[in-house]
1. Can you name every residue in region 78-89 that is exposed (fewer than 14 other Cβ atoms within 10 Å of the Cβ) and not in a strand (DSSP E or B)?
2. Are any residues in region 70-87 more than 17 Å from the chain's Cα centre (by Cα) and not small (Gly, Ala, Ser), and if so, which ones?
3. List every residue pair whose Cβ atoms lie under 6 Å apart, where the two residues are 6 or more positions apart in sequence or sit on different chains, the first residue falls within region 41-52 and is more than 14 Å from residue 106 (Cα to Cα) and among the charged types (D, E, K, R), and the second residue, located anywhere, is at pLDDT 95 or above and surrounded by 15 or more Cβ atoms within 10 Å (Cβ to Cβ).
4. Would you pick out the residues in region 76-115 that are within 17 Å of residue 55 (Cα to Cα) and acidic (Asp, Glu)?
5. Search region 59-73 for residues that are more than 12 Å from residue 41 (Cα to Cα) and pair each with any residue that is open to solvent by 70 Å² or more (accessible area, probe 1.4 Å) and modelled with pLDDT under 95 when their beta-carbon atoms are under 7 Å apart and the residues are at least 6 apart or on different chains.
Amino acid sequence: MHRFIPALPAAVVLTGALAVPATAAAADPRPITSPYVQAAADVSASGALRRAKNIDWVRHVNTGRYCVNVSEQVNLAFSVVSVELPNSNRRSFSTTPNGVCGPDAVTVYTYDLRGNYADNPFTVVVF
């Protein structure tokens, strides 16, 4: 019994050391390097930001409703915003700016074919 006690703290330290970098890496989205867009985001159905260019954060407000905050260096007033639902026959709509998400954000709404709000992965591109 005394021989296993020193091994247990070493195993806990080793497991913790391995888990921390994996968690930190998952929190940062991969960069989008397209030179032809001002901002872009690849967002999961849960609202997690997977890939980004000039996007500060994404918030999943409610079922089928998302806020995508664009960096200050992009002027949304003089931009064209496009939202796509990849690999889906569902629909989406976006508006910018409004009271739900604020002046520097794109509001994205996603629907099923019956017109009900539904969580969907999507991409946003700001030209």
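1. Selection gives 78, 80, 86, 87, 89.
2. Step one: of region 70-87, the residues more than 17 Å from the chain's Cα centre (by Cα) are 72-80, 87.
Passing the criteria: 72, 73, 74, 75, 76, 78, 80, 87.
3. Partner pairs satisfying both residue conditions: 50/42; 51/42.
4. Within region 76-115, 84, 104 qualify.
5. 61/100; 63/117; 64/117; 65/117
Residues are listed down the side, and each one gets a yes or a no for (1) at pLDDT 95 or above; (2) of a type in the set (A, V, I, L, M, F, W, C); (3) part of a loop (DSSP other than H, G, I, E, B); (4) surrounded by fewer than 10 Cβ atoms within 10 Å (Cβ to Cβ):
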position	(1), (2), (3), (4)
21	no, no, no, yes
24	no, yes, no, yes
57	yes, yes, no, no
72	no, no, yes, yes
114	no, no, yes, yes
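The values are calculated or read from the model by the stated rules, or taken from the named source; none is laboratory data. These numbers were taken from a predicted model, which means no experiment stands behind them. As a convention, Cβ positions derive from the backbone with ideal geometry for all residues, glycine included, and neighbour counts pool all protein chains shown. Ligands, DNA and RNA are stripped out before the accessible areas are found, and what is left, the full protein with its side chains, is counted by its heavy atoms. Shrake-Rupley method; radii C 1.70, N 1.55, O 1.52, S 1.80 Å.
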